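Derivation of every value follows stated rules applied to the coordinates shown; laboratory data play no part. All values reported here derive from a predicted model rather than from experimental measurement. Note that each Cβ is placed from the backbone with ideal geometry, even for glycine, and that neighbours are counted across all protein chains shown.
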Amino acid sequence: MLDLTKDVLKVSIGLPVFNGEKTIGRAIESILSQTFKEFIVIISDNASTDSTQIICEEYEKKDKRIRYIRQKNNLGPLKNFRFLLDITNSKYFVWIAHDDFWDKKFLEKNIGILDSKKDVVGSIGQTNFIGDFWVVNKNEKFIRKTYKKIRRHFLSLECYSTNGSKYEDRIKNCLKSSRYPACIYSLFRTNILKKSINHTIHPWDAISILKILKYGNLHVFDETLLYRGQGGVSNTNSIELLINKKVKFHEILINRIPFQKWCIQNLGKKVFLQNIGYFIKLGSSGPQILLLDTIKFLFKKDRKKIYFEEDLGNKY
């Protein structure tokens with residue numbers, strides 16, 4: 001196995017990327033600007049066809065903490081994530097998406113928690129969306145505001161610490177947030193993450209988090225430490241997928257059934273019934289996604305896609 005972290009045992013940062021020329025520079029800059037400096041960054045380029053390679057190689061020359069790997073063939077997003085985890089042996093590990101970026105103290109704060117609290121296996125802060133999907137004119141302001149209100153209601157990224165001594169309690173606390181899968185971008189104890197990661201059933205991030213909770217708690221700071229872009233794989237428009245015949249209608253409408261079956265089989269019927277409210281809400285996520293994606297699709301048609309309208313200030 002390729003070992004890129006033998007000289008840095010504390011923290012490894014995995015950065016999976018495919019055609020990220022517009023955003024990867026900002027992601028890397030936010031890493032290099034961290035108040036905690038003793039880390040290694042491993043970039044796995046999933047056979048990009050844009051200028052991602054040039055950008056990454058320039059950063060690799062400038063900073064010895066950066067290692068760049070280009071895959072010969074596109075592995076697909078999930079295997080690219082797993083590749084980065086498999087080649088690390090550091091004490092702690094964290095993924096960062098190429099269109100996301102961190103607050104300056106992301107590493108410092110989360111490392112402090114893992115160092116001081118042995119019952120915590122992963123740590124993260126609150127997460128905020130950044131940017132817009134399309135340019136709007138004055139006549140469309142009402143549509144955009146309406147869309148954002150719906151999105152905030154259904155797809156809030158707010159997460160909570162689990163704080164449970166028992167596995168059942170940790171699951172219950174975790175499921176209070178419908179967006180707990182976003183915690184996959186936590187800083188983890190590497191050995192725990194490797195034992196827990198699951199890429200076989202959708203949604204892999206949600207299942208992985210539930211498996212991680214077997215070993216301890218997740219800690220969530222009540223402040224924003226992660227800023228998430230809206231152009232990644234998880235934000236692919238379902239209407240476009242339907243039109244291009246890449247998915248079938250029922251696969252979106254009832255897309256959480258395999259996950260619910262996994263929960264019954266692996267968490268047990270008792271835990272499932274104790275959290276039945278969450279699973280009922282989850283079952284309605286398909287129609288919600290279709291509604292949001294329909295609005296987004298209708299009003300972004302024939303418009304230039306952008307991600308960075310907002311003035312974010314000096315966040316890193």
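Per-structure values
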| quantity | calculated |
| --- | --- |
| Exposure proxy ranking, count of Cβ atoms within 10 Å, fewest first, for L226, L187, L267, L273 | L273, L267, L226, L187 |
| Distant-in-sequence amide H partners of T127 (H built 1.01 Å from N, under 5 Å) | C159 |
| Other-chain or far-sequence residues with amide H under 5 Å of N217's (modelled H) | V120, V121 |
| Table column - 3J(HN,Hα) (Hz), segment 41-56, Karplus curve with 6.51, -1.76, 1.60, x for Gly and Pro | 10, 10, 9, 10, 8, 7, 6, 4, 10, 9, 8, 3, 4, 4, 4, 5 |
| When each of K37/K72; K10/K37; K172/K269; K22/K62; K61/K91; K117/K270 is checked by Cα-Cα distance, pairs over 22 Å | K37/K72; K61/K91; K117/K270 |
| Other-chain or far-sequence residues with amide H under 5 Å of G20's (modelled H) | T52 |
| Residue exposure sequence - T23, T294, T162 - by fewest surrounding Cβ within 10 Å | T294, T23, T162 |
| Vicinal HN-Hα couplings computed from phi for segment 169-183 (Karplus, 6.51 cos²θ - 1.76 cosθ + 1.60; Hz; Gly/Pro x) | 5, 5, 5, 4, 5, 5, 6, 4, 9, 5, 10, 4, x, 4, 5 |
| Shape call, segment 1-102: gyration tensor on alpha carbons, a/c limit 1.5 | oblate |
| ³J(HN,Hα) computed for each position of segment 187-203 - Karplus, 6.51 cos²θ - 1.76 cosθ + 1.60, integer Hz, glycine/proline x | 7, 10, 6, 4, 5, 5, 4, 5, 6, 10, 5, 9, 10, 9, 10, 7, x |
